Amino acid sequence: MSDMKDRPYHHGNLRHALIETALTMLDEDRNWTFTVREVARRTGVSHAAPYKHFRDREELLRELARIGFVQLGKTMRNAMTSAQSSSRMQFMAVAQACIAFASGKSGLYCLMFSSDADKTVDPQLHDAAMSTFGILLELLEKGQRDGSFRQGAIAAQAAASWAQVHGLAMLAINGQLLEDKVGPEPIRAALNVLLDGVCCSV
């Protein structure tokens, strides 16, 4: 028990410690069936302690989802700024980064898009999700402005793009992108098909 003194909680940051513990459990099990009691036990605090910061398990899950959207947004933004300047290359980089994030943090990613992360009851979660979605809108708007992407309703392009990227992410998480079924480099190939539809003919 000598490591207990090094836990963040013992430095007055119980909320952070609970969140970090829950994220670790989510990463380990790839699901969120754990209880607040289990999170408290793993954090090394009393069963009642988490309720000083979270009213119930649902509030904790929504906070985890909010953190996930913030992390995903940063991942997408970094991919966009580090990619080549063309709108197509930026879109490809952001989409691949999003799918890599989903594959690397599959439990968190699935929670973010589950009914347990109800964005209608949590303004902060809603804002984090919309901020992340806004990066996709920004990419599409830039592509239309510079003539790379077809002119059209941004909302429709965004819906089609998000659906395909999210679908590829879920297929990757579930191990369904097998070469004997979908060929080599299925993610890049599928994204190129999507981009061929979005981009203007040369």
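The table below gives the values:
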{"read-out": "In Hz, Karplus ³J(HN,Hα) per residue of region 187-199 (6.51, -1.76, 1.60; θ = phi - 60°; x = Gly, Pro)", "value": "5, 4, 4, 5, 5, 5, 4, 4, 5, 4, x, 7, 7"}
{"read-out": "Only Lys, Arg (+1) and Asp, Glu (-1) charged, at Cβ; the chain dipole about Cα centre in debye", "value": "320 debye"}
{"read-out": "Debye equation applied to the C-alpha atoms of the chain, log10 I(q)/I(0) at 0.12, 0.17, 0.18 Å⁻¹", "value": "-0.69, -1.11, -1.19"}
{"read-out": "Cα convex hull volume per residue for region 3-106 (Å³)", "value": "113 Å³"}
{"read-out": "The chain, helix-only ellipticity at 222 nm - DSSP H runs n ≥ 4, -39,500 (n - 2.57), divided by all residues, nearest 500", "value": "-22000 deg cm²/dmol"}
{"read-out": "Listed residue pairs exceeding 29 Å between alpha carbons, taken from Lys74/Lys181; Lys74/Lys142; Lys142/Lys181", "value": "Lys74/Lys181; Lys142/Lys181"}
{"read-out": "Whole-percent carbon and sulfur share, accessible surface of the chain, 1.4 Å", "value": "53 percent"}
{"read-out": "Heavy-atom accessible area order for Met89, Met170, largest first, 1.4 Å probe", "value": "Met89, Met170"}
{"read-out": "Interchain or long-range residues, amide H under 5 Å from Cys199's placed H", "value": "Arg150"}
{"read-out": "Debye, to nearest 20: dipole size of region 125-202, +1 on Lys, Arg Cβ, -1 on Asp, Glu Cβ", "value": "140 debye"}
{"read-out": "Hits among aspartates and glutamates - C-alpha to C-alpha of Lys119 under 19 Å, sequence gap 8 or more where chains match", "value": "Asp56, Glu58, Glu59, Glu63, Asp127"}
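The values are calculated or read from the model by the stated rules, or taken from the named source; none is laboratory data. Model, not experiment: these values are computed from the prediction. Neighbour counts run over all protein chains shown; Cβ positions are idealised from the backbone, glycine included. Side chains included, ligands, DNA and RNA excluded: accessible areas come from the protein's heavy atoms. Shrake-Rupley method; radii C 1.70, N 1.55, O 1.52, S 1.80 Å.
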